Every structure is written in C-alpha cells, then in structure tokens.
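Here the structure comes first, spelled out in structure tokens, and everything after it is commentary.
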Amino acid sequence: MSEGLSFDTLLLHNKHKFDPATGGVSVPIQHASTYHQLSADNFGKYDYSRSLNPTREALEEIIAELEGGTRGFAFSSGMAAISTAFLLLSQGDHIVIAEDVYGGSFRMVTQVLTRFGIQHTFVDMTDIEAVEKAIQHNTTLLYVETPSNPLLKVTDIKAVSSLAKRHGAYTFVDNTFMTPFLQRPLDLGADLVLHSATKFLSGHSDTVAGLAVVKDEELANRLYSLQNSFGAVLGVQDAWLVMRGIKTLSVRMKQSQENAMKVASFLKEHSFVRKVYYPGLEEHPQHETHKSQASGPGAVLSFELQSEELLKKFIHYTQLPVFAVSLGAVESILSYPAKMSHAAMSETERAKRGISDSLLRLSVGIEGAGDLINDFRLALELSRNTSRIEEDVR
Ligand SMILES: *Cc1c(COP(=O)(O)O)cnc(C)c1O
C-alpha cells in the first residue's frame, strides 16, 4: 500500500495504521513473554518475546520501510543496537571509524572490542583519501556518523560505501541526527543503518531505544541471530512510545530545523561566538556534500564561545533550553560535550578532535524561534555585564 506515498504520509499510513483484530487505531501492546502453542507439531509464529514480539515487530517493520530497508531490529538503547551490530565482526577484524563519533561508540570500540581482538583506526571521514589510506587487509567495517557529533562534520556516504565495497567491507551509518526523514543511507549504498531512537524518532525525551535496519537478507539473518543471542531487545511499552513519536517525525523535524537555521544565523553574527558548526550554513566546509545526500541540515548545531568562562555564564543565564545530555526532542537541549557526551574521551583525544572546553551543542526544539533567540541574546548580554554569576537569577 506504500507505493508512491510521500514520506509524511507513510509515517501514518503504513501496515500498522490499525489493529486488524479490533480496528484499534494504535498498535496493541502485547506484554506476553510466552505464547500458547496449539499442538506438538504445529507451532505458531510467536513463541517467546525475546525472539519475536508483535509490538516490537510492528516498530521494526515501520523503521525498515522508512529507511528503505527490508528488515528492522529494535534494541533497548542506541548503544545496544550499535554494540549488537559490532558483534557482526570477528576476532582479527579491523574497523575504520570516524574520529568524532558518539562518545559511547568511541568507548565500545576503544575499551571493549579491543579486548576481543578487534582493532580500529580513527580517521577524519570528510577526507576520503585518509579513509582509503586507513584501510588494511583485515578491514571489514567502515563506520560512519554523519553529521558527526559534536562538530557536525559531514561524510560522503556514497563515496565511503563504494570504497568499502571495493575492499569487501561493510558500511554502517549512525543516522541518529538526520532520521530517514532527511537522509536514507541504505539508498546511498550503506549496508546497515543505526539509530538512537531515544532522540528524534521518539522525540519527547521520554524513551531510551535503539534501531538497526538492513537491506541484505543474509546480513538481516545474521543480525537477527545476534539480536536474539545477545538479547538486548526493546521492551513493548518503549516500542509503543517510539511508534507514537514516529507519527509526528516530519512535523517536528520541519519546525526544529527551521528554528535551528534561525538560531545558527543569529549566533554566527554575535561577537561572543567564535564559530558555529551547522551544515545548513553555506560556509560549512561540507555544505554541498551534505545537500547532495540529505534533504535538510537537521536541528543540531554546535557553537564555540569566546572563552570557557563565558560558556559557564551563558549556561547559567539561558532560561529556555534544558541543560542536559541528549538531543532530538521537542524542547531545546543545550549540552556541554566536553563534560557530557564526550566525557569518556581523554582531554588529549578531545583536543585532537577540536572539542574544546568552550564548545556547546544545541539541539533545537519546536519552541518559537524568536523566544529562543531572545533568550540567547539576553543570556549573552548578561554574561558580558556580570563579572561573577549572581546566584539569585534563576
Ligand atoms: C545518543 C546517541 C547514541 C546512543 O544512543 P542511546 O540511545 O543513548 O544508547 C548513539 N549515536 C548517537 C549519534 C547518539 O546521539
């Protein structure tokens, strides 16, 4: 039924639009862990909920369709999805991985996989020659996150995927920042797409979830086996929340993205802001690459203030965004990468990657853009005018 429908429509009008048993316009939450079988030689489709559960299955089918894949898999967190996908590798394999990946993925690769004899090389993935140089005889995976976290560097997915194919390696893409609304890595040649569904897909800061989607049947079977073996499956209540979030994905993304562009334009003109990182700005070094593979710049930007002292005051005075880890929610979220998402990285590693102590990341929500800009303008002004933070402001 999905042929020819727009993405916006597909979010609502898919196979799970209503429950075929009752007509209920919401996927039923099936709590059962086990399923009664009718006879000794005729088992039904479902037997145990770690292996297959109809509520989780609905979400898996929805995300597979939205990403243009054949099979989806839902996990208990983004890290569970990413870690399970890494289990497709074997001892002796080598990964080429983007240098400013999500802190949790960095930790998994550097602290866990190394203990199992899986090595890695970090590269600046915006430089395709550097990626090629980093490939070894035993490289089996090119791991991409684009735009990256927190510096919003853009990797050419098509170029990396074709390079990977030439070397007999897989390409995995963490598509958390874009969602399939803006970017569909499988269409660009990637083998596996990963999501922290905790972010834009759920969109309301109320669920922790992870998703993976593949196109190839053999890869799907291997990933299914790992999902079932490792067992980090998504619970049914959370699967339901992610499905509810997905229904409004396009309207939330459109509003957040429009706001993000306005906020980025405001920040880049402000004298207290040293630099703004946002793929929507023409001066972004990979602006054109991004435009060629995604239909919009998304709603996450980072900016560097003139000093760490100024940053601390700004965090203190700004009123609207929550100051927290995470991103991709209806409310704006301001985070401090050096102390939050990238705290797992040593100071030297952070410095090498340009993640300074005066860098903030902002995930722009669906508030009124004018209110956000006024809030930031005032916070910056107050930061300049006070030599020390006055505790009664908040
Ligand atoms: C949050 C995030 C993750 C990890 O997801 P969790 O749901 O927190 O486990 C992975 N990649 C990116 C880009 C993220 O933002």
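List of remarks:
- Hits in region 329-356 - residues which are modelled with pLDDT of 95 or more, over 12 Å from SER302 (Cβ atoms) and touching a helix residue (DSSP H, G or I) at 6+ places or on another chain (Cβ under 8 Å): VAL330, SER332
- Complete set of residues in region 92-129 that are away from the ligand (no atom under 16 Å from the Cβ) and either under 11 Å from VAL160 (Cα atoms) or assigned to a loop (DSSP other than H, G, I, E, B) (or both): GLY92, ASP93, VAL96, GLY117, ILE118, ASP124, THR126, ASP127, ILE128, GLU129
- Selection count, region 93-113, where residues are under 22 Å from ARG222 (Cβ atoms) and either touching a Gly at 6+ places or on another chain (Cβ under 6 Å) or open to solvent by 40 Å² or more (accessible area, probe 1.4 Å) (or both): 1
- Lone unmet requirement of (1) assigned by TED's automatic domain parsing to the domain that holds ALA58; (2) within 18 Å of GLY328 (Cα to Cα) for GLN255: (1)
Rundown of residues vs (1) of a type in the set (Asp, Glu); (2) away from the ligand (no atom under 16 Å from the Cβ), yes/no style:
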{"position": "VAL144", "(1), (2)": "no, no"}
{"position": "SER161", "(1), (2)": "no, yes"}
{"position": "PHE177", "(1), (2)": "no, no"}
{"position": "LEU194", "(1), (2)": "no, no"}
{"position": "LEU201", "(1), (2)": "no, no"}
{"position": "LYS215", "(1), (2)": "no, yes"}
{"position": "GLU218", "(1), (2)": "yes, yes"}
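- Residues of region 190-225 that are within 16 Å of ASN53 (Cα to Cα), in a helix (DSSP H, G or I) and not aromatic (Phe, Trp, Tyr): SER225 alone.
- Looking across region 61-82, the residues that are touching a residue at least 60 places away in the same chain (Cβ under 8 Å), in a helix (DSSP H, G or I) and more than 16 Å from the ligand (Cβ to nearest atom) come down to ILE62, ALA64, GLU65, LEU66.
- Some residue of region 307-327 being open to solvent by 10 Å² or more (accessible area, probe 1.4 Å), of a type outside the set (A, V, I, L, M), without any contact (Cβ under 8 Å) to a residue 12 or more places away in the chain and out of contact with any His (no Cβ under 7 Å at 6 or more places or on another chain): yes
- Some residue of region 164-173 being under 14 Å from the mean Cα position of the chain (by Cα) and either under 30 Å from GLU283 (Cα atoms) or not small (Gly, Ala, Ser) (or both): yes
- Looking only at region 140-184, and only at residues there that are part of a loop (DSSP other than H, G, I, E, B) and among the aliphatic types (A, V, I, L, M), the one that is surrounded by the fewest Cβ atoms within 10 Å (Cβ to Cβ): LEU151
- With respect to (1) over 30 Å from SER6 (Cβ atoms); (2) in contact with a helix residue (DSSP H, G or I) (Cβ under 9 Å, 6 or more places away or on another chain); (3) surrounded by fewer than 15 Cβ atoms within 10 Å (Cβ to Cβ), the lone exception for SER26 is condition (1).
- Options LEU310, LEU362: the member that is modelled with pLDDT of 90 or more, part of a helix (DSSP H, G or I), among the aliphatic types (A, V, I, L, M) and not assigned by TED's automatic domain parsing to the domain that holds ASP100: LEU310
- Per-region count, region 260-287, residues outside any helix (DSSP H, G or I) and closer than 20 Å to SER356 by Cα: 12
- Filter result for THR55 (open to solvent by 10 Å² or more (accessible area, probe 1.4 Å), more than 16 Å from the ligand (Cβ to nearest atom) and not assigned by TED's automatic domain parsing to the domain that holds SER326): no
- Members of region 125-135 that are surrounded by fewer than 16 Cβ atoms within 10 Å (Cβ to Cβ) and either in contact (Cβ under 8 Å) with a residue 60 or more places away in the chain or over 11 Å from ALA159 (Cβ atoms) (or both): ALA130, LYS133
- GLY210 vs. criteria within 16 Å of the ligand (Cβ to nearest atom) and over 29 Å from ALA159 (Cα atoms): no
- Restricting region 359-384 to residues that are buried (at least 20 other Cβ atoms within 10 Å of the Cβ) and polar (S, T, N, Q), the residue that is farthest from PRO279 (Cα to Cα): SER383
The values are calculated or read from the model by the stated rules, or taken from the named source; none is laboratory data. Here the structure is a predicted model, which is why all the values come from computation and not from measurement. Note that each Cβ is placed from the backbone with ideal geometry, even for glycine, and that neighbours are counted across all protein chains shown. Side chains are part of the model used for accessible areas, which takes the heavy atoms of the whole protein and leaves out ligands, DNA and RNA. Shrake-Rupley method; radii C 1.70, N 1.55, O 1.52, S 1.80 Å.
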